[in-house]
Every structure is written in C-alpha cells, then in structure tokens.
Amino acid sequence: MFKNLLSAVGWGELPNSFGFSVGEKVDLPFSWQWVLHKGTKKSDGSVVSIFICGKKDLDSQQVAAAKNAVQMAKSLRHTHIIRALDSIETEGGFYLVTEEVIPLLSPEAAEPEEKQPAVWGLYQAFEALSFLHQSGFTHGLFGPSSIFVTKKGEYRLGGFELCRKGADAQALVAQRRNCSPGLVGWPDPPSYLLDGQAPSSGVDFWGAALTMAYVFGSAKTGARGTDFRMDMTRASQDLPPELRKPFADLAKPGPLRGRSPIAELLQLEFFQQHASIRVMCFLGSLHIRSTNEKDVFFENLPGLLDSVPISLQTRQVLPDLLEAQKFPGQEAAQVLPSILKIGIRLKDEEFKEKVAPLVAQLFACPDRAIRFRLLSSIGEMIDHLDDAMINDKIFPECVNGFTDSNGPIREATVKSLIFFVPRLRPKTVEGRVVKLLVKLMQDPEASIRTNAVICSGRISSHVPKAVANQTLLTVLGAGFKDPFAPCRIASLQTLVACAALFSCEEIATRMLPGVCHRLVDPEPSVADTAFTVLSSLQQIVRQQIEERRASAGQPAEDLVAAQGAASKDAGWSSWAMSTVGSVVGNQLMGSMGKAKIDSSGNLTSAPSSSPSASTLSASPPAPPPTNGVPAPPRQAASSASAPGRGMALGGSSRPAAGSGSAPTPGPVAPGTDGWGDSDEGSDAGAADAGDAWGASPSTGAAAAVADAWGGLGDDFFDEIGGKGGLSVGSAREELAPVAAPTRRAPPAAAAAPKAATAPAPKAKAVPKASTEKISKKEDDDFWKEFDM
C-alpha cells in the first residue's frame, strides 16, 4: 500500500542510484506547481530540500517552465543563488535537490523578536539579481515569493521558471500569471509593463521594489509572510529616506540607456555603510584580506555589532567568527571579544555547544593576549558556563595568572575573582583564593594591591564568616599603611562595607586605630574619607553596644540614664571629679574636715578643727622608709592660696627647706605657663612634680599622675583652693603617704642628711566625699593606666 502511495506522487519511480531520501512535506504559504519536501543524503545523513514538480496536472507551458528551472538552478553558480545538489527527471515529474531552505514568506522563516529590517538579506537578493542582469539574464519572477532562506538565515534566490536571456517584458508578464506562486491580496505587475516602453528587465525592477516594500514594511508593522498586506502606493513611507527615490524609479522604470539600476542601488551609501553589510562582506572575503585590514576590522567589530540584528549575529556572524579564530597568527585573540559578545546572547544550550568548548580551550593557551581577553569578559559569560567546567578546566588555568610576570594579567586575574568565587567550591576558596589575596598585598604594582583590597570585600559574602573576618583583618591592616593613596581609600571604604563581619571589640581595638591614623593622612582625599568612615563606625559600634545591652536585659530607662550621665558635664573637670577627685580628693580633704559633693557635682567642705593651710608646717614629716631605705629629705614647698587663684603645683622659685612662711602670691611671671612653671624650665618642672609625689621624676607613675593633675584645669582647682583654702604644702604633705610606701628611693637619697621636720600629725579618718559610690575595681582600673 505504501508503495502505491509513493507511486501516486511519483516517488516509486525513483531509481536506487538516487542518493537522497525524500522526507516529510513542507507547507508552502502560497499555491505553486512545485511541492517542497525535506530530505536526507544517504551517504552522510545531511539534511536537504527536495523540490518535486509532477507532470500529471501541468500544461505544456508549465512543464517547460519547470524544466527550465531545473536547468538554470544547476547551471547558475553564485553565493546568493540557491545551490542545486542533484536533479532527476522521471515520467512522473521533476526532482530538484538543493541545500536546506524554506520560503521567505513561510512562518518558520520569520523572526518574531527581530525588530530591525533584514538589510543584509535584501542585499544578498539584489546581488544575485544584479549578477543575472550583468550576465544578460532576466529572472522574470523576482520578488518575495522567489526568495528562500537557509538554516543560517541567508537569503537565496530561486524560482527560475522564466529565467532566460533576451526575454520580452510583455511575454514575461503573461507567463508570470501562469507560473508564479499565487498570493492572495498581493498586487499584480502594473499595466505599463505591457505598453512596450518598459525595458525587458522592467518586470524584475518592479519585483525588486516589491521586495523592498516587504522587507522594510514587515519589520515596521511586525506582520510577516502572507499576513503582511502589501500597499505599493504607501510603501515608500516605510523606507529610509535614502531609498525612497530609488524605490520610485524601480516601481516605474524608464529607458535604461546602458544603466544597471540594481547595481547602482547596491552602490548607495545606505548599503555600503550599513553595519550588517560591512561585517558580512568582510567576513566573506576574510581569506584575501591583508593583516592590517584584519587588525582594523576585528578591533572595530565589537562596536559594529551593536547595529547588527541579533538574529544575524547569532546565526551568521558567530559561525564565521568561530572559523576565523582558527586561522594562524593573532586572530584568535582579536576575534575573541566579538565571539564572547555574541555568545552571551545565545541560549545556555547553544552557548555550551558552540562557545564553551572554545573558552576552555583558550584558557589553556599560553598567549597572554588571549588570556587577557578571556579574563576581561568572564563576567559576561560566567552565567553560561557550568560549575564543573569552571572548577575543573577554567579556574585551574586561571590561577596561573596570579604569578604571571605581566602586571595587566595579574590585575585582570584579581578582578576576575569577583565572578569566579561564587561558582567555586568552598574548599578551593578557603584553601587557595584567600591565600592568594593576602599574598597580593605585597605585589609591587599599586593597582593590583588596590584591587586585591576591593576584591576581598566583594567576595566576603561568599566566604565563611570566620575566614572572611581573618582575611579582611589582614588585608585591611596592610591597606591602611599602603603608600598608594587609592589603596588606603579603598581599604577605608571596604571596612565600612564589611563592618557587619566584625564585632564591636574588633572594630574598636583593631580597626579604629588604623582609621584614626588616616585622619592625619597627608593626602586630603584619604583624610576626608577617614573622617567619614570614623563617623560611620562610631554609629555601628554604638548600635551594637545598645543591642548587646538590650539583649542582656538592661532596662531602657537605665540605658537612657547612663547615656545622659555620660553626656552631662562631659568635660575634664567632670571626669576628674569621678576618678581622681574621688581617690586623690579624699586624701586632700582629709585635713580639711568633712567633705561632700552637692547635686550639681561641685565639691564643698565643712569647717574643720584642723589647722588651716596658712599655719601648717612648711616642712612636712618624712614618710616612713620603704624596704629599709630611708626616704629622701623633702624640700619645703608651700604656696599661698588665695580665693579665686587656685592651686599651683610647683613654682619657679621655692623657699628654702625649713622655712616657716610661704611667699605671697603675685602676678604670673612672663614666660611662665600660668601654673607657675617656666616654659624653658621643663626639667625643673618635672623634678618639682616628682618631688610633689615623693618620688624621682624618672618614676613613670608619679610623672603620669602629676600630668593628670596638670590637665585638670584651673576651674577644678579654683573650687578646692577657693572653698577649702588648701595650700600646696598641705597638699603635698597629705599626698606623700599615698605614693611613698610603694616607691623605691633613688640610691643617692640614702646618703642625704635628714631634714629637720615637725612630728607628723596623726592622720584623720577620711570620710566619704561623695554620695555616689565608686567601687574599688573602678579605682584600680583607673590607677592601672598610670602603672601605680
């Protein structure tokens, strides 16, 4: 039964020597005497198209036209003319085997997402027609229905039923109605072609105008194939301005007078300068181009691709570029940017099939130009590569770039890590990547160190927190001290961006010191950035502390009260009253009677029965010996205290030891610092400060405490001196027992004569000086700062 069916359409009479198998039928968008089938070549299974024209229902004119079409297709050889592979004529009909094509007007040939007109396809069709005219042939059926499209999207001219030399226009118009494909709603050739005034190729010119109207009109309206409604009267509105006049000349041609309108049309600037035509014409003649021409073309190709339709890029340009990169020389590196730019437009399956193998192959290439191109484009194509290929084939080759002697290769390798790390295995990241980044901070290229800092921050979200924390601490610490200013700025900005990875203790103790050093950076831009970063980090640390306190269950009102107490009276006097004033002030007040602190934080004293400051002995008793070594003799250090003047520690002149009277205070001598010390006599001042604490000036604790006193300011001492009437001599006399028991006297002091002193008065019990309780731990912590 199947054999009878094949015989009905003529297939059963095909000889066994016919090297092709006829497949399924392809639906045509128009009625035609030819039937199109898919076919395969028996030798290699390649796909072909088979045109079959049965003789049974044809008249003699149509049979002759079919036979002419087979002969012309086999004899014509041109790049843009349909390529005939084989043909056979049997009693039942004609068989013409061609390359795989489909009609331009079929739904399968349409590109729904393509909005640009197929200018390259139009150029191909016109080139084929120009070739026929220059050879003396007239096509006779030229138009959209005689154009076919290959699998790659290339236009091919077919339909040679009426193609011959010396044809008459009137005869061609008459035969066209009998042999041309029937399209409902499409215009017929105009009547002026029958008046004998039109040239013999005038019917082809009219078909060329019809083709132009379809290519540009269908792209503008989005209607393809037979859905497009042709209106020749308004078609020029859809054309570019440069083509409107040529379109009118083709639609109603006059005497040629030796001209070739189609060849002249192809020479217009619109076609010659069109990006699609420039790219495809150059690729078509690549084998005869010079090296300089290739260099210029491939350098400009990525920019030209922006004006080329996407379908043309993926279906025609990309295959040609993949072939071009196989040429010897440097063309692989030159072609690669364009290949990658087009490759990212492919679907994942197509990319893995066409481009991914090439990428893996080129990464193993030692050519630095190719490696640099790949690394620069990895961000665009990384999503199309599978993880196995990245981890097993690409990244192992990429790692070699970290140790490359070429600086740009190392820099491009560092930048590529931002895209590689999210796709790498965790073991690879922790074992190799972080170590490489830390090592790069010693790179001699400043830009590489800067990019290493930025990369460390960018990949921190893809690395375990502990690893990211340790890596950033190392990298940022080196970046803060980098001699390259942009690297220091990058380190500061990266710290703020990654602050969430650090605890408040790490920020305060390990990061903020580095930031503070940059506040005085000689580069203004670095210093400005450091001030901004410092403010941000303060807010971050404060927020973490508040969250920590809230999570610990501290009531909100206690938090507010603590913050208010910290901000209230936030001066040196407030700090002194809460620390030094609580410890040292109690010693001072012990000889003055009861002391208390009022609600405003001011120190007040009650009348005391002890001797006043003016009647105290100028020679206080020596402190008890320490470790069997007698204490050195004290000099009499007394200074009159006057209300409103305050207390001065150490003076530029002192009374001799044993003097019983204190000098009357006078105006501050010029050249002094307002505390009675000369600016030039820093050494004497230091000695005086050491004597005031019963120790040598070289003793670090005594000097530190003396400095702490010296930084309290006049206001603090005005309160003590004005209200309590305390003199310097009494202050030193009372403070001496505090420091003496724990200090070793200098060796020279042991042989010094013992100064005559009055018996030491019995120390009175020191009452509580404040209603606020200060724990012993707080006192100890404070004195630890001074090593006492």
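Has the stretch 52-75 got any residue that is polar (S, T, N, Q) and within 30 Å of Ser311 (Cβ to Cβ)?
Scanning the stretch 52-75 turns up no residue that is polar (S, T, N, Q) and within 30 Å of Ser311 (Cβ to Cβ).
Among the residues of the stretch 474-508, which ones are farther than 15 Å from Ser536 by Cα, small (Gly, Ala, Ser) and surrounded by fewer than 16 Cβ atoms within 10 Å (Cβ to Cβ)?
Across the stretch 474-508, the qualifying residue is only Gly477.
Quick one: Pro444 ticks every box in (1) closer than 24 Å to Met389 by Cα; (2) open to solvent by 20 Å² or more (accessible area, probe 1.4 Å); (3) more than 17 Å from the chain's Cα centre (by Cα) bar one, so which box is it?
Every listed condition holds for Pro444 apart from (1).
Taking the stated definitions as given, is Pro309 buried (at least 19 other Cβ atoms within 10 Å of the Cβ) and free of Cβ contacts under 8 Å to residues at least 24 places away in the same chain?
The answer is no for Pro309.
Check the stretch 459-469 and report whether any residue there is open to solvent by less than 20 Å² (accessible area, probe 1.4 Å), assigned to a helix (DSSP H, G or I) and touching a Cys at 6+ places or on another chain (Cβ under 8 Å).
Yes, there is a match, as at least one residue in the stretch 459-469 is open to solvent by less than 20 Å² (accessible area, probe 1.4 Å), assigned to a helix (DSSP H, G or I) and touching a Cys at 6+ places or on another chain (Cβ under 8 Å).
Would you please name the residue that is farthest from Thr138 (Cα to Cα), looking only at residues in the stretch 60-108 that are in contact (Cβ under 8 Å) with a residue 40 or more places away in the chain and of a type in the set (Asp, Glu)?
Glu91
Kindly indicate whether Glu89 is acidic (Asp, Glu) and closer than 30 Å to Phe216 by Cα.
The answer is no for Glu89.
Give all pairs with beta carbons closer than 6 Å in which a residue from the stretch 215-229 that is under 11 Å from Gln116 (Cα atoms) meets a residue that is among the acidic types (Asp, Glu); count only pairs at least 6 apart in sequence or on separate chains.
Within 6 Å, the pairs are Phe216/Asp238; Gly217/Asp238; Lys220/Asp238.
Do we have Gln124 as in a loop (DSSP other than H, G, I, E, B), touching a Ser or Thr at 6+ places or on another chain (Cβ under 9 Å) and at negative phi here?
Here the answer is no, as Gln124 does not meet what is asked.
Please name all residue pairs, on different chains or six or more residues apart, with Cβ atoms under 7 Å, provided the first residue is in the stretch 341-366 and is touching a residue at least 24 places away in the same chain (Cβ under 8 Å) and the second residue is of a type in the set (Asp, Glu) and open to solvent by less than 10 Å² (accessible area, probe 1.4 Å).
Cβ pairs passing all conditions: none.
Counting only residues that are among the hydroxyl-bearing types (Ser, Thr, Tyr) and touching a residue at least 12 places away in the same chain (Cβ under 8 Å), which one in the stretch 14-38 is most open to solvent (accessible area, probe 1.4 Å)?
Ranking the qualifying residues of the stretch 14-38, first place goes to Ser31.
In the stretch 89-100, how many residues are in contact with a helix residue (DSSP H, G or I) (Cβ under 9 Å, 6 or more places away or on another chain), open to solvent by less than 40 Å² (accessible area, probe 1.4 Å) and either of a type outside the set (Ser, Thr, Tyr) or not in a strand (DSSP E or B) (or both)?
So the count comes out to 5.
Just to verify a result, which residue in the stretch 171-219, among those that are open to solvent by 20 Å² or more (accessible area, probe 1.4 Å) and in contact with a strand residue (DSSP E or B) (Cβ under 6 Å, 6 or more places away or on another chain), is farthest from Gly159 (Cα to Cα)?
Ser200
One residue is enough: does the stretch 57-66 have a residue meeting the conditions part of a strand (DSSP E or B) and out of contact with any Phe, Trp or Tyr (no Cβ under 9 Å at 6 or more places or on another chain)?
no
Kindly indicate whether any position in the stretch 421-430 is assigned to a helix (DSSP H, G or I), within 16 Å of Ile454 (Cβ to Cβ) and among the aliphatic types (A, V, I, L, M).
Checked the stretch 421-430: at least one residue is assigned to a helix (DSSP H, G or I), within 16 Å of Ile454 (Cβ to Cβ) and among the aliphatic types (A, V, I, L, M).
Could you list all residues from the stretch 215-259 that are touching an Asp or Glu at 6+ places or on another chain (Cβ under 9 Å) and aromatic (Phe, Trp, Tyr)?
Phe216
Only one residue in Pro408, Pro366 is open to solvent by 60 Å² or more (accessible area, probe 1.4 Å) and not in a helix (DSSP H, G or I). Which one?
None of the others qualify; the one that does is Pro366.
Report yes if Ser260 is modelled with pLDDT under 95, in contact with a His (Cβ under 8 Å, 6 or more places away or on another chain) and surrounded by 13 or more Cβ atoms within 10 Å (Cβ to Cβ), otherwise no.
yes
Collect the residues in the stretch 143-175 that are under 27 Å from Val47 (Cβ atoms) and part of a loop (DSSP other than H, G, I, E, B), keeping them in residue-number order.
Correct list: Gly143, Lys151, Lys152, Gly153, Glu154, Gly158, Gly159, Phe160, Glu161, Cys163.
Among the residues of the stretch 509-534, how many are part of a helix (DSSP H, G or I), farther than 13 Å from Phe480 by Cβ, of a type outside the set (Asp, Glu) and open to solvent by 60 Å² or more (accessible area, probe 1.4 Å)?
Result for the stretch 509-534: 4.
So Ala388 ticks every box in (1) at pLDDT below 85; (2) within 30 Å of Pro422 (Cβ to Cβ) but one. Which box is left unticked?
So Ala388 meets the others, but not (1).
The values are calculated or read from the model by the stated rules, or taken from the named source; none is laboratory data. This one's a predicted model, so the numbers in the text were calculated from it and none came from an experiment. As a convention, Cβ positions derive from the backbone with ideal geometry for all residues, glycine included, and neighbour counts pool all protein chains shown. Side chains included, ligands, DNA and RNA excluded: accessible areas come from the protein's heavy atoms. Shrake-Rupley method; radii C 1.70, N 1.55, O 1.52, S 1.80 Å.
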